[in-house]
Structure formats: C-alpha cells, structure tokens
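**Q** To start, I am sharing the structure in question, which I have written as structure tokens.
No lab work stands behind these numbers, since they all come straight from the coordinates. Owing to the predicted nature of the structure, the values given are computational and were not obtained by experimental measurement. Neighbour counts are summed over all protein chains in view; Cβ atoms, including those assigned to glycine, are modelled from backbone coordinates with ideal geometry.
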Amino acid sequence: MSHAESERTRARGDRARTGRGAARPTSGKRVREPRLTRSRSRGVVAATTGLLGLSSTRRAAILAIVVCALTLTVAMPLRNYVAQRQALTEVSDQQRALAAEVDQLTERRARLSDPEEVAAEARSRLGYVKPGEIPYVVQLPETADPAAAEAAQANTPWYRQLWSDVTQGSPQ
C-alpha cells in the first residue's frame, strides 16, 4: 500500500468515527452544530449567534415570555400571602381590643361586687334615696328671651311640637 492510500483510509476512518462522513439526514435540513469561538477567560465556548438556530430577537422574546410566566405564577400566591398577613394583623388588633374590653369589664364587675358601690350607682343613675332622705330636684327657670324660645322650638322635631300643641294648646 502506498502512502497516499493509507492516508485516504485513515481519513475515512476518522470521518466514520466523528460522524462527519456519515450519511446525511434525509429530511433535507442540514443539522447545524454550534460554532466554537475562543474566549480569553473561558477558553473555547459555543458562539451565541446561531445557537439552537434562533436569532437573538427570538431568544429575547422567549426569555420575556418565560419571565412573564414566572411572574404570573408567583403573583397570585404572593397576593394571597399579603392579604392573609393583613387579615392576620386586623384580627390581632381586634383581639387586643377585645382583651382590653374584657379587662375593663372584669374590673367593673369587681367594683360592683361591693354593696356600697352598687348603692352609689343606684343613687347617681336611678335617683334612689335612702329612707329618711329628702330628694331635691333643681328646675331651671324658663328663658325670658322669646328669640331663644323660638330657636329652641325650631330645633324640636315636628312630632314633639304637635304633641305639645295637643296637650298645652297652641301659642296665641
């Protein structure tokens, strides 16, 4: 065998191993492999200009769609979380207010367990008197100013004016 024939045989063997000399796909499309470029920091990397057969605009559009999908996927649970936190804060505030009201009512109940306190409440709110006491009711005189009387009468509801007219007679 000559040197030229051995070179050809070796080249065919290399092509068969790497797949470069193998049969091409029958679909008519050519399979594009990523081109390799040399970078200073990383060594040999795949070039991005023709990766996956997509242009940079299409890749940007796909990236934008993916980001929007992720945003929409996270938005609803995040909104529910924030709403639940606000509701929890409102319930906590309401619980604190109710606890303060319970404390006030407990204190009032303790005060009203004393009979003297109950008697003082009855005297002030209900006008009760002890046996032998003389109750006094202070009545203020009517105003002599007719303008003030008319103003007071103007502020009274119609049904009270009607009732006073029926019981006392109309002013003449």
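**Q** A97: net charge of surrounding residues, Cβ under 12 Å, Lys/Arg +1, Asp/Glu -1, itself excluded?
**A** Result for the local shell: -3.
**Q** Kindly state, to the nearest 0.05, the FRET efficiency for A151 paired with T89, given R0 = 45 Å and r defined as their beta-carbon distance.
**A** With R0 = 45 Å, the Cβ-Cβ based efficiency is 0.40.
**Q** From the Cα trace of the stretch 84-172, what convex hull volume per residue do you get, rounded to a whole Å³?
**A** It is 236 Å³ per residue.
**Q** For D114, what charge total do you get from the other residues with a beta carbon under 15 Å from its beta carbon, if Lys and Arg give +1 and Asp and Glu give -1? Before the final figure, lay out each step's value.
**A** Numbers: positive: R108, R109, R111, R123; negative: E107, E116, E117, E121.
Taking every Cβ under 15 Å from that of D114, the sum is 0.
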